[in-house]
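Data first, discussion second: the structure below is written as structure tokens.
Every read-out reported here was derived from the displayed coordinates using simple, explicitly stated rules and does not represent laboratory data. These figures come from a predicted structure and were not determined experimentally. So basically every Cβ, Gly included, is an ideal-geometry build from the backbone, and we count neighbours across all protein chains shown.
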Amino acid sequence: MKNFENSEVWFVTGSQHLYGEETLKQVEKHSKEVASGLNDQIKTPVKIVFKSVLTTSEAIHQVCLEANSSENCIGLIAWMHTFSPAKMWIHGLSVLSKPYAHLHTQFNRDIPWGEIDMDFMNLNQSAHGGREFGFINARMGIDRKVIVGHWKDKTVIDELDVWIRAAIGKKEFNSLKVARFGDNMRSVAVTEGNKVSAEIQFGVSIHGYGVGDLVVHINNQTSQAVDQLFEQYKQNYTIPSGKLNDSHYVDSVKEAAKIELGIRSFLNEGGFGAFTTTFEDLRGMAQLPGISAQRLMHDGYGFGAEGDWKTSALLRVMKVMTQGLSGGTSFMEDYTYHFDPKGTRVLGAHMLEICPSIAEGKPSLEVHPLSIGGKADPARLVFKAPKGAGLNVALMDMGNRYRMLINKVDVVDTPDLPKLPVARVLWDPKPNLKVAAGTWILGGGAHHTVFTQALTVDHVTDLAEMLGIEYMVIDENTTVPEFKKEMRMNEVFYHIANGIR
């Protein structure tokens with residue numbers, strides 16, 4: 001996975017020359033202290049770098065151009081320490097392509113009641129300087145994050161952490177390459193999509209390859225490399241009793257290891273961060289990628305089954321956003337329901353490809369018939385997920401826009417399922433299965449999702465806003481009538497916002 005330790009968020013401060021050089025020196029001193037303090041407190045793997053006190057339109061424009069061209073800069077934090085006449089910001093904001101957050105704070109936490117004078121008032125004007133800056137952003141129709149509070153407060157730091165992770169995700173989306181082995185699963189609608197509009201909107205590029213191109217890489221793997229990977233499997237996973245003496249089991253697992261090595265070789269050679277497969281197009285491959293897809297996801301690659309490049313790309317981006325956080329993130333599918341009135345549940349799974357980053361305990365490496373696709377028995381990791389809060393997130397191409405649906409869930413303990421040889425998660429969707437499934441279907445939600453126990457709703461909605469796409473949250477407060485109303489309002493908004501094309 002990419003390392004974002006060299007990435008930077010630039011801290012810029014707005015002011016003006018009206019207050020004189022002494023005041024501006026204080027503004028710069030305070031700004032450096034705030035930037036340094038934020039940098040010490042944030043948990044995300046990036047650096048907050050003080051850039052400049054900006055007092056002219058030319059200086060603002062230049063910083064915005066530099067931010068656009070900087071490979072390391074993933075976004076900006078703007079603070080109005082004093083009043084900064086906002087017409088100065090028009091030229092710069094009109095060209096800025098990096099996301100930015102408006103930090104509405106002030107250097108001091110408290111008003112010094114017994115000592116406050118006009119010098120203090122002239123220096124500490126963020127209360128109305130920030131409103132001037134807010135107006136020009138609203139007037140220009142610019143989406144940005146607004147964070148309000150003292151810069152040392154935990155809530156402010158937490159909001160900033162979330163926003164920075166979203167900026168990391170946007171950066172990854174902008175340069176992501178997805179390798180698509182084979183085409184879409186035949187006649188499936190939701191996994192299709194306009195790849196040109198995706199590259200315009202997100203920056204992600206989708207590259208199609210025949211399975212034969214991948215098979216060349218698979219067949220080039222040496223028996224020595226396969227044996228070495230097989231030894232890693234034995235160390236990292238539970239092997240069912242007696243299976244190491246079962247030639248069918250060993251041969252199947254080694255074939256899976258060969259496939260994993262081949263996919264890694266292909267992805268590494270092409271600089272791909274995500275990939276898709278489909279069980280309808282496996283010519284030249286002995287089995288459907290199971291453990292190989294699982295392990296590649298665990299190492300940070302995006303994956304989508306049945307040619308689903310949108311979910312594959314979203315999974316990669318969300319995995320990049322989770323660096324340093326606890327909890328896993330995986331490709332997922334709502335598979336079957338438990339409609340018991342005493343407690344409705346959703347069983348999430350897939351044929352094979354669930355990421356072991358969400359495993360509770362040590363996964364079991366098993367080989368079983370797939371009962372679909374007409375290929376040899378594939379190796380796969382079998383496990384269940386730990387209890388706790390989670391999200392299911394889907395990305396759909398709605399024709400005139402992209403829509404993201406986000407459903408909060410509570411993962412519950414999964415009963416023993418001795419005859420189901422796949423990884424699985426059992427959850428209670430918010431607010432309940434009836435409303436969650438109903439609104440998901442009304443919203444055109446995909447059956448493939450990204451499931452995460454690492455990210456929160458705020459992480460994902462910040463990302464959606466940076467990408468400029470529609471998002472709708474299904475949580476404990478959702479009702480069907482309000483959800484329908486939101487969809488109708490969104491339809492009008494995007495019809496007007498997108499104009500005639």
Query raised in the report: Any idea what the relative contact order of the stretch 252-315 is, in percent, if you count C-alpha pairs under 8 Å spaced at least 6 apart?
Result: 38 percent
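Please give the length that would be gained between Asp213 and Asn39 if that part of the chain were fully extended, namely 0.36 nm times their separation in residues minus their C-alpha to C-alpha distance (nm, one decimal). Intermediate results must be reported in sequence, preceding the final value.
Values: separation 174, 0.36 × 174 = 62.64 nm, distance 4.56 nm.
Gain in length upon complete extension: 58.1 nm.
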Query raised in the report: Counting Lys and Arg as +1 and Asp and Glu as -1, each charge on the Cβ, what is the dipole of the stretch 324-465 about the Cα centre in debye, to the nearest 20?
Result: 220 debye
Report summary line: Taking alpha-carbon centroids only, the stretch 308-335 lies from the stretch 208-223 a number of Å equal to 25 Å
**Report entry** Filter on Lys258/Lys384; Lys25/Lys145; Lys408/Lys485; Lys51/Lys154; Lys29/Lys51 - keep pairs with C-alpha separation over 22 Å
**Finding:** Lys258/Lys384; Lys25/Lys145; Lys51/Lys154
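Helix-only estimate, please: 222 nm mean residue ellipticity of the chain, summing -39500 (n - 2.57) across DSSP H runs of length 4 or more and dividing by its residues, to the nearest 500.
Values: 15 runs with 199 residues, N = 501.
Rounded to the nearest 500, it is -12500 deg cm²/dmol.
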Requested in this report: Calculate the spin-label point distance for Ser326 paired with Val95, positioning each point 7 Å from the Cα along the beta-carbon direction, and give it in nanometres.
Outcome: 4.7 nm
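Taking 30 Å as R0, compute the FRET efficiency from the Cβ-Cβ separation of Phe230 and Asp413 and round it to 0.05. Present the calculation step by step, with values, prior to reporting the outcome.
Numbers: r = 33 Å, r/R0 = 1.08.
Rounded to the nearest 0.05, the efficiency is 0.40.
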Report summary line: Taking Cα atoms, the helix 154-175 axis meets the longest principal axis of the chain at an angle in degrees (rounded to 10) of 60 degrees
Query raised in the report: Taking +1 at the Cβ of each Lys and Arg and -1 at the Cβ of each Asp and Glu, which of Thr56, Ser312, Thr13 sits farthest along the dipole of the chain towards its positive end, judged by Cα position relative to the Cα centre?
Result: Ser312
Report summary line: Residue separation between Asn245 and Lys47 times 0.36 nm, minus their alpha-carbon distance, gives in nm 66.1 nm
Requested in this report: Report Rg (one decimal) and Dmax (nearest whole number) for the stretch 325-396, counting Cα atoms only, units Å.
Outcome: 14.2, 40
**Report entry** Spread of Cα-to-Cα distances over 5 Å intervals beginning at zero, given as percent, for the stretch 281-324
**Finding:** 6, 21, 25, 24, 14, 6, 3, 1
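Taking loop as defined by DSSP and a crowding limit of 14 other beta carbons within 10 Å, which trypsin sites (Lys or Arg not before Pro) in the stretch 72-148 fit? Please list the in-between numbers first.
Working: sites: Lys87, Arg109, Arg131, Arg139, Arg144, Lys145; in loops: Arg109, Arg144.
Those that pass, being in a loop and sparsely packed, are Arg109.
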Query raised in the report: What is the dipole size for the chain, taken about its Cα centre, with +1 at each Lys and Arg Cβ and -1 at each Asp and Glu Cβ, in debye to the nearest 20?
Result: 580 debye
Report summary line: extent check for the stretch 8-174: Cα max minus min per principal axis, descending, whole Å, gives 51, 33, 25
Report task. Using only the alpha carbons of the stretch 360-460, determine the length spanned along each of the three principal axes and report them from longest to shortest in whole angstroms. Result -> 42, 32, 26
Report summary line: Between the Cα axis of helix 433-442 and the main Cα principal axis of the chain, the angle (0 to 90°, nearest 10) is 80 degrees
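Using a Förster distance of 22 Å, how high is the FRET efficiency between Tyr494 and Ala189, based on the Cβ-Cβ distance and rounded to 0.05?
Numbers: r = 20 Å, r/R0 = 0.91.
Here the calculated transfer efficiency is 0.65.
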Query raised in the report: Gain in length, Met140 to Lys375, computed as 0.36 nm per residue apart minus the alpha-carbon separation, to one decimal in nm?
Result: 78.9 nm
Query raised in the report: Using a basic spin-label model with each label point 7 Å from the Cα along Cα→Cβ, how many nm lie between Lys2 and Glu486?
Result: 2.9 nm
Report summary line: If one compares the long axis through the Cα atoms of helix 457-467 with the longest principal axis of the Cα atoms of the chain, the angle in degrees, nearest 10, works out at 70 degrees
Report task. Would you kindly calculate the translational diffusion coefficient of the stretch 296-435, applying Stokes-Einstein with the Kirkwood radius from alpha carbon pairs, for 25 °C and a viscosity of 0.890 mPa s, and quote it in µm² s⁻¹ without decimals? Result -> 152 µm²/s
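What fraction of the Cα pairs in the stretch 176-498, stated in percent, has a spacing above 26 angstrom?
Working: 24003 of 52003 pairs.
The answer is 46 percent, as a whole percent.
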**Report entry** Residue among Met489, His368, Pro415 farthest towards the positive dipole end of the chain, charges placed on Cβ
**Finding:** His368
Query raised in the report: Where the centre of each part is set by its Cα atoms, how far does the stretch 1-72 sit from the stretch 78-111, in angstrom?
Result: 10 Å
Requested in this report: Report the paramagnetic label zone for Lys32: residues of the stretch 42-58 whose backbone N is under 13 Å from a point 7 Å from Cα along the Cα-to-Cβ axis.
Outcome: 50-53
Query - Phi to ³J(HN,Hα) by Karplus 6.51 cos²θ - 1.76 cosθ + 1.60 over the stretch 127-142, Hz, x for Gly, Pro - result: 4, 10, x, x, 6, 4, 5, x, 4, 5, 5, 5, 4, 8, x, 9
Requested in this report: On a C-alpha basis, how far is the centre of the stretch 257-302 from the centre of the stretch 400-456 in Å? Whole number, if you could?
Outcome: 25 Å
